[in-house]
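Asks: This is the structure, below, for whatever I ask next.
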Amino acid sequence: MDKIRIVGGNELKGTIPISGAKNAALPLMIASLLTEEKLILENVPRLADVALLQRILGNHGVDITTNGKRNGDDPYAGQTLEIDARVIVDTTAPYDLVSRMRASFWVLGPLLARIGVAKVSLPGGCAIGTRPVDFHLDALRALGAEIEIDAGYVVAKAPHGLKGARIVFPKVSVGATHTALMAATLARGDSIIENAAREPEVVDLADCLIKMGARISGAGSSTIHVEGVARLKAARHAVLPDRIETGTYAMATAMTGGDVMLAGARPDLLESALDALRQAGAEIDATNEGIRVRRNGAGILPVDVTTAPYPGFPTDLQAQFMALMTKAKGNSRITETIFENRFMHVQELARLGARIHLEGDSAVVEGVERLTGAPVMATDLRASVSLVIAGLAAEGETMVQRVYHLDRGFEKLEEKLSRCGAQIERISG
Ligand code: EPU
């Protein structure tokens, strides 16, 4: 298994190109199941999760062509996928694939809406919390689906098609909003989705569906209206920039000090995280090129944050912000309200010398003068990258194990950081 070796202490200086968002690319690829015509997606990041979803869609009979790179192309440019779901040969998503990536469960809504049947494995356990799928199933039931659970599989039918309905989510869920939105586009009649997720990735999905001929209004607010249509058509759409990758590198720069341009990043996608960074002492400027992040001699100030659905502070940046706070001048409190078990990085950060103790759903971080390198590992993507950030600011060598977590969500991580002066390399093993 590959490892990442970091020797900390260097400031970051230079430009980091921001990739297309993983969490937008995945639902957009799944939306291809809604039409017999071709969906062309641009700016798709090259990530293990994208490759795995290509396999999962391939299993349903979807044909995906990836446009190859030509000499002289920007090595950081995203890929273009041409996705053709004209023939669906299999409406089953098996356990061995769905258990490897939870988002693949989202094929349920589109398959049901277009074909009228789907059998999708329940995703199973997850390192960051229990993550049930009840909201997805309740939304599809509201749209008229008949759903049973059989031998670990969700077996869903809508023999006469789905019917528009009012769907009220008890709690904000990104994935269940994607499911409801995709299914409602092909339902007969009108749907209203209330307490919908307002995340930019939901808006990106809605924008693409609208290009495909869907009638949707209100995406980005908590009430989304969908007027069902009989069929969707071909479209071309570019994936929006990754706000979590942006926030991660902004936090890395705030932690090491230096001056980095996050090229292609959009500040409007992560205002709450940028505010927290400003309070911590980073200088953040929006420019035509992207977001410029700087921190000079001044130390890191402690800042309390609480994760919340968009536009609140994202849970997917909680671990990275905690890494930053480990070197703050004072105590900070970080509260996680989305997932009940998303503090797996705490014990690993402690191995680098961080002082953190847990109080229920909060972590109290007592800033220390210095961190020291150590071998560390993590159980999920965002926790892993928080260890990379801490390693960049630690004295000596940090070896991050289980790099496959990072490959799920960060394109060319070590290249992007070493271009800015970090001492970081992948060791194949
Ligand atoms: N929930 C339920 N029932 C459901 C669905 C969700 O109780 O049927 C609960 C969850 O257990 C959680 C909360 O609702 O407590 C919110 O979960 P949500 O459904 O919003 O999460 P998700 O759609 O499964 C996406 C991202 C996550 C990100 C969360 C929250 C993708 C592929 N995943 O997951 O990203 O943390 O939204 O913003 O978009 C990551 O990229 O590392 C990652 C975990």
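The values are calculated or read from the model by the stated rules, or taken from the named source; none is laboratory data. Since the structure is predicted, the reported quantities are computational estimates derived from the model, not experimental observations. Neighbour counts are summed over all protein chains in view; Cβ atoms, including those assigned to glycine, are modelled from backbone coordinates with ideal geometry.
Asks: Need at least 1 residues that are in contact (Cβ under 8 Å) with a residue 60 or more places away in the chain and among the charged types (D, E, K, R) per element, so show me which strands (runs of 3 or more DSSP E) inside the stretch 34-121 make the cut, counting only ones lying wholly within it. Show your work before the answer.
Replies: Numbers: elements: 38-44, 63-66, 79-84, 117-121.
Strands (runs of 3 or more DSSP E) meeting the threshold: 38-44.
Asks: Continuing with this model, one more query. Just to be sure I understand the filter: pairs with C-beta atoms under 8 Å, separated by 6 or more residues or on different chains, first member in the stretch 378-390 and on the phi > 0 side of the Ramachandran plot, second member among the acidic types (D, E). Which pairs pass?
Replies: Short answer, once both residue conditions are applied: none.
Asks: Restricting the search to the stretch 101-122, which residues are within 30 Å of H225 (Cβ to Cβ) and within 9 Å of the ligand (Cβ to nearest atom)?
Replies: R102, A103, F105, W106
Asks: Can you tell me how many residues within the stretch 384-397 are within 16 Å of T326 (Cα to Cα) and in a strand (DSSP E or B)?
Replies: Step one: filter the stretch 384-397 for residues within 16 Å of T326 (Cα to Cα), giving 384-395.
Next, only the ones that are in a strand (DSSP E or B) stay: 394-395.
Looking only at that region, the number is 2.
Asks: Could you say which residue among G258, G218 is over 27 Å from L81 (Cα atoms), more than 16 Å from the ligand (Cβ to nearest atom) and outside the structural domain of A184 (by the TED database)? Show your work before the answer.
Replies: Working: G218 fails: outside the structural domain of A184 (by the TED database).
Unique residue meeting the criteria: G258.
Asks: Starting from residues that are more than 14 Å from the ligand (Cβ to nearest atom) and more than 20 Å from N10 (Cα to Cα), keep the ones in the stretch 373-403 and report whichever is surrounded by the most Cβ atoms within 10 Å (Cβ to Cβ). Talk me through it step by step, then tell me what you get.
Replies: In the first step, residues of the stretch 373-403 are kept if they are more than 14 Å from the ligand (Cβ to nearest atom); the result is 373-377, 387-403.
This time we only want the ones that are more than 20 Å from N10 (Cα to Cα), so: 377, 401-403.
Values: M377: 18, Q401: 18, R402: 17, V403: 22.
By that ranking, first place goes to V403.
Asks: In addition: Go through (1) among the acidic types (D, E); (2) more than 17 Å from I128 (Cβ to Cβ); (3) within 19 Å of the chain's Cα centre (by Cα); (4) not in a helix (DSSP H, G or I) for D407 and report which single condition fails.
Replies: Just one mismatch for D407, condition (4).
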